[in-house]
Amino acid sequence: MRTCKQAFETHKIRAKQRGIPFKFTFKEWCRWWELHLGPDWFNKRGRKTGQYVMARYKDKGAYEWDNVRCVVGRVNHHESHAGSKNPAAKLTEAQVKTIFNMPGSYHPIAALFGTTRSRVYRIKTGRTWKHLDLLK
């Protein structure tokens with residue numbers, strides 16, 4: 001079984017490997033987790049399904065007290081791959097906003113942007129690119 005110190009060191013090493021500054025001391029890191037998850041925090045955090053992670057706001061900046069939040073790993077992964085951050089994205093956010101606001105049938109719009117009618121349909125009905133809040 002891993003210790004708190006081992007988990008801290010692993011987090012710090014992985015951040016360094018990804019080129020992300022890690023500004024927590026061991027005591028600060030433990031305190032942050034305890035404040036967010038309670039006294040049994042060590043068993044609630046991790047990379048397994050349903051466990052919590054320390055996520056940076058908008059995946060930018062350092063791991064430091066005012067730039068991280070506690071979320072379920074699945075949520076963090078989804079946010080980091082949403083929209084144009086997804087390596088498979090065919091459109092930019094600006095193009096998606098334009099498509100959403102364009103009147104007319106789906107086929108001409110799809111041809112104009114070099115995409116499919118079904119992709120245009122999913123954008124216009126709010127089934128994809130939800131993080132842009134196009135329907136508001």
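The values are calculated or read from the model by the stated rules, or taken from the named source; none is laboratory data. Only a predicted model underlies this, so the values are computations on that prediction, with no experimental measurement involved. Here the Cβ is made from the backbone with ideal geometry for all residues, glycine too, and neighbour counts use every protein chain on show.
The table below lists the values:
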quantity	calculated
Set TYR57, TYR52: member being in contact with a Leu (Cβ under 7 Å, 6 or more places away or on another chain) and either of a type outside the set (D, E, K, R) or in contact (Cβ under 8 Å) with a residue 40 or more places away in the chain (or both)	TYR52
Wholly enclosed helices (runs of 4 or more DSSP H) of the stretch 13-82 bearing at least 3 residues surrounded by fewer than 14 Cβ atoms within 10 Å (Cβ to Cβ)	26-37, 73-80
Among the candidates TYR52, TYR63, residue that is in contact with a Cys (Cβ under 7 Å, 6 or more places away or on another chain), within 30 Å of GLY38 (Cβ to Cβ) and at pLDDT 90 or above	TYR52
So LYS5, is it in contact (Cβ under 8 Å) with a residue 12 or more places away in the chain, more than 19 Å from HIS77 (Cβ to Cβ) and either in contact with a strand residue (DSSP E or B) (Cβ under 6 Å, 6 or more places away or on another chain) or outside any loop (DSSP other than H, G, I, E, B) (or both)	yes
Positions within the stretch 104-129 being among the β-branched types (Val, Ile, Thr) and either on the phi > 0 side of the Ramachandran plot or surrounded by 12 or more Cβ atoms within 10 Å (Cβ to Cβ) (or both), in sequence order	ILE109, THR115, THR116, VAL120, ILE123, THR128
